[in-house]
Amino acid sequence: MKRILSALFFTALLAGGATAQTLRWASQGDLQTADPHSQNESMTNMMNGQVYEKLVKRGKDLSIGPGLATEWSNPDPLTWRFKLRPNVKFHDGAPFSADDVVFSVERARHETSNVRQYAFPVGTPRKIDALTVEFKLDKPNPIFLQHIDLLWIMNKAWCEKHKVTRPLDFKNKEESHASLNANGTGPFVLVNRQPAVKAVFKRNPHWWGGFEGNVQEIVFTPIASDGTRLAALLSGELDLVLDPSPRDIPRLRQQDKVQVIDGPENRLIFIAFDQFRDKLEYGRSPDGRNPFKDRRVRQAMYQAVNVDAIRDKIMAGLAKPTGGVTPSEVASLFDAGLQTRLPYDLAAARKLMQEAGYGTGFEVTLDCPNNRYINDEELCIALAGMWAQIGISVKVNAMPRVLFFPKLERFETSLYLYGWGGAITDADSILTPVWRNLGEKGIGSNNYGRWRNDKFDALVAQQAVEPDPKKREPLVRAALQEFRESLHVIPLHRQVIPWAARKGLVAAHRPDNWLEVAWVKLPAAK
């Protein structure tokens, strides 16, 4: 009865106001906030990216081209100058200018911003005139444009009017006008957002860009149940599902009215440990100490993981096991030696546990999202079973992403499943924000295990300011090798992302798992 009522509820919700040019789509989770600088999470960025824009814009092949800036120059290693697009207006009619760019970059550098790690390396913005902005750096940045591509532009006057001149503090449950409201320059206008229920967008008729697609309205509905999302798609109540269950993909490929659009994602899924506390905060060990500070324990857990079984049984083949510590092979310099795994070996794992003094095991809680990555909760349950074979009793603590990410940001974890990726294929996309020692200006801001590796940190700091690619590559290679050998994390796999859509729908599937609705073409209504 609950399933029937749930299906009826979503049917009514999806049917409301739908037209032939309304894109009705769903995912297992919702965007976290409409504040574009508050959370750096792919789903949230993608949803906000229908409304807000950046100085540059990614193409279908992830190449960088003009966005709110029409051109740019790099007259010297410490200067970048951007010419802004004229006659652009925000959704409330306010004109876009250099003042908005300077304000937005400064806002993104605030301590409550989740994109600080990108806002500081681009230097200090300065208004030259209404349509020219100059960035002055204190050190070279070899991936400057990649960082600029991660900074959303907001309207200064709107933020001042609604008292949102700084990003909301999401991890401490702060709410603001920007939680539910937005004012960008992008192709769609946020009309209404009801968290965990529905978000509605309408086409911006004054957008400067050209629409390839024909979508006039977007109705997004977060639907937690795999079965309910699938049923809604098969019945025609949805046009697209961003994250169908892997076990349903073979069946969907056989459907006459449905198509599967898939491809590899630039995303690494991994396990990380608290290596900061001396005591095991969220668990119990025989000696009271934190076992994860011992490399032998981390290696034992690594070698107890059967990634082939995970790929075949949990991911239904939609995963590429790896020992690499970057989101893509490109970032690992296509070096097979930087992506090999330690062998699956239970005997060796048990021996390591014995040598570390944990032959009888210990208890620990594994924090895990249940609506962020492909089969994330099922993956955590499978890992718990594997680690039980070496004496570790794991309690899986699965929760929605809206609770999971703030929990990590407060460092309230001893062991967690995490993923990292996106449009940037350069190794620094993960080296600086995720793997480095926790530091200032966003460095190591996503290192929730708070490990320290000064040798690795120094190598990453060097490569981050080396403009010569030939000199930079060996630094990146050495950093990746050092991090792999230290076993601060257990790499699992890179995801393969399938979308499921009604036949005839045209959408570009990018490796950053980004749905650009301005490109979507809905089939003609019958």
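The values are calculated or read from the model by the stated rules, or taken from the named source; none is laboratory data. A quick note: this is a predicted structure, and the numbers were derived from the prediction, not measured. A quick note on method: Cβ atoms are made from the backbone with ideal geometry, for glycine too, and the neighbour counts reach across all protein chains shown. SASA here: full protein model, heavy atoms, side chains in, ligands and nucleic acids out. Shrake-Rupley method; radii C 1.70, N 1.55, O 1.52, S 1.80 Å.
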Practice task
Go through region 462-496 residue by residue and tally those that are in a loop (DSSP other than H, G, I, E, B) and either farther than 30 Å from Ala309 by Cα or of a type in the set (Lys, Arg) (or both).
Solution key: 5
Problem - Residue ID - nearest to Glu363 (Cα to Cα), chosen from residues in region 260-303 that are polar (S, T, N, Q) and over 25 Å from the mean Cα position of the chain (by Cα) - result: Ser285
Exercise for the section: Go over the candidates Glu160, Glu134, Glu111, Glu175 one by one and state the one that is surrounded by fewer than 23 Cβ atoms within 10 Å (Cβ to Cβ), outside any loop (DSSP other than H, G, I, E, B) and free of Cβ contacts under 8 Å to residues at least 12 places away in the same chain. Expected result: Glu160
Completion exercise
With criteria (1) among the charged types (D, E, K, R); (2) touching a Lys or Arg at 6+ places or on another chain (Cβ under 8 Å); (3) open to solvent by 60 Å² or more (accessible area, probe 1.4 Å), Arg284 comes up short on (2)
Problem - Residue check for Ala458: at pLDDT 95 or above, open to solvent by less than 30 Å² (accessible area, probe 1.4 Å), within 30 Å of Pro291 (Cα to Cα) and assigned to a helix (DSSP H, G or I) - result: no
Exercise for the section: Return the residue satisfying two criteria in turn: it lies in region 228-259 and is under 26 Å from the mean Cα position of the chain (by Cα) and among the basic types (Lys, Arg), and of such residues it is modelled with the lowest pLDDT. Expected result: Arg247
Handout entry: Failed item, numbered, when Asn447 is tested on (1) open to solvent by less than 20 Å² (accessible area, probe 1.4 Å); (2) farther than 30 Å from Glu378 by Cβ; (3) assigned to a loop (DSSP other than H, G, I, E, B)
Key = (2)
Fill in the blank from the handout: Residue hits (region 407-422; in a strand (DSSP E or B), farther than 16 Å from Ser42 by Cβ and of a type in the set (Ser, Thr, Tyr)) are Tyr416
Handout entry: Of residues in region 319-332 being in a loop (DSSP other than H, G, I, E, B) and open to solvent by 30 Å² or more (accessible area, probe 1.4 Å), the one farthest from Glu485 (Cα to Cα)
Key = Val330
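One line per residue, one yes/no per condition, for (1) open to solvent by 50 Å² or more (accessible area, probe 1.4 Å); (2) farther than 24 Å from Leu68 by Cα; (3) of a type in the set (Ser, Thr, Tyr); (4) part of a loop (DSSP other than H, G, I, E, B):
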residue	(1), (2), (3), (4)
His147	no, no, no, no
Thr165	yes, no, yes, yes
Arg193	no, yes, no, no
Gly209	no, no, no, yes
Ile218	no, no, no, no
Practice task
Working carefully through the options Arg289, Arg298, Arg277, find the one that is modelled with pLDDT of 95 or more, more than 30 Å from Gly29 (Cα to Cα), in contact with a His (Cβ under 9 Å, 6 or more places away or on another chain) and not polar (S, T, N, Q).
Solution key: Arg298
Practice task
May I ask you to list the residues in region 114-131 that are within 18 Å of Asn48 (Cα to Cα) and open to solvent by 10 Å² or more (accessible area, probe 1.4 Å)?
Solution key: Asn114, Arg116, Tyr118
Practice task
Would you check if there is a residue in region 392-403 being touching a helix residue (DSSP H, G or I) at 6+ places or on another chain (Cβ under 6 Å), open to solvent by less than 30 Å² (accessible area, probe 1.4 Å), touching a residue at least 40 places away in the same chain (Cβ under 8 Å) and more than 26 Å from Gly317 (Cα to Cα)?
Solution key: no
Handout entry: Answer residue from region 235-248, given it is touching a helix residue (DSSP H, G or I) at 6+ places or on another chain (Cβ under 6 Å) and not in a strand (DSSP E or B) and is nearest to Lys320 (Cα to Cα) among those
Key = Ser245
Practice task
Within region 487-501, identify whether any single residue is of a type outside the set (Lys, Arg) and open to solvent by 30 Å² or more (accessible area, probe 1.4 Å), and answer yes or no.
Solution key: no
Practice task
Return the only residue of Ala309, Ala316, Ala300 being surrounded by fewer than 21 Cβ atoms within 10 Å (Cβ to Cβ), in a helix (DSSP H, G or I) and of a type outside the set (S, T, N, Q).
Solution key: Ala309
Exercise for the section: Please go through region 513-526 and pick out each residue that is open to solvent by less than 10 Å² (accessible area, probe 1.4 Å) and touching a helix residue (DSSP H, G or I) at 6+ places or on another chain (Cβ under 8 Å). Expected result: Leu515
Practice task
Examine region 69-78 for a residue that is at positive phi and modelled with pLDDT of 95 or more, and state whether such a residue exists.
Solution key: no
Handout entry: Among (1) closer than 25 Å to Lys279 by Cβ; (2) open to solvent by 20 Å² or more (accessible area, probe 1.4 Å), the one test that Val434 misses
Key = (2)
Completion exercise
Expected single match for of a type in the set (S, T, N, Q), open to solvent by less than 60 Å² (accessible area, probe 1.4 Å) and under 26 Å from the mean Cα position of the chain (by Cα) among Ser104, Ser97, Ser73 is Ser104
Handout entry: So Arg341, is it open to solvent by 20 Å² or more (accessible area, probe 1.4 Å), modelled with pLDDT of 95 or more and either assigned to a strand (DSSP E or B) or among the basic types (Lys, Arg) (or both)
Key = yes
Handout entry: Residue check for Ala232: touching a strand residue (DSSP E or B) at 6+ places or on another chain (Cβ under 8 Å) and either assigned to a strand (DSSP E or B) or of a type in the set (Lys, Arg) (or both)
Key = no
Handout entry: Filter result for Lys139 (without any contact (Cβ under 8 Å) to a residue 24 or more places away in the chain and part of a loop (DSSP other than H, G, I, E, B))
Key = no
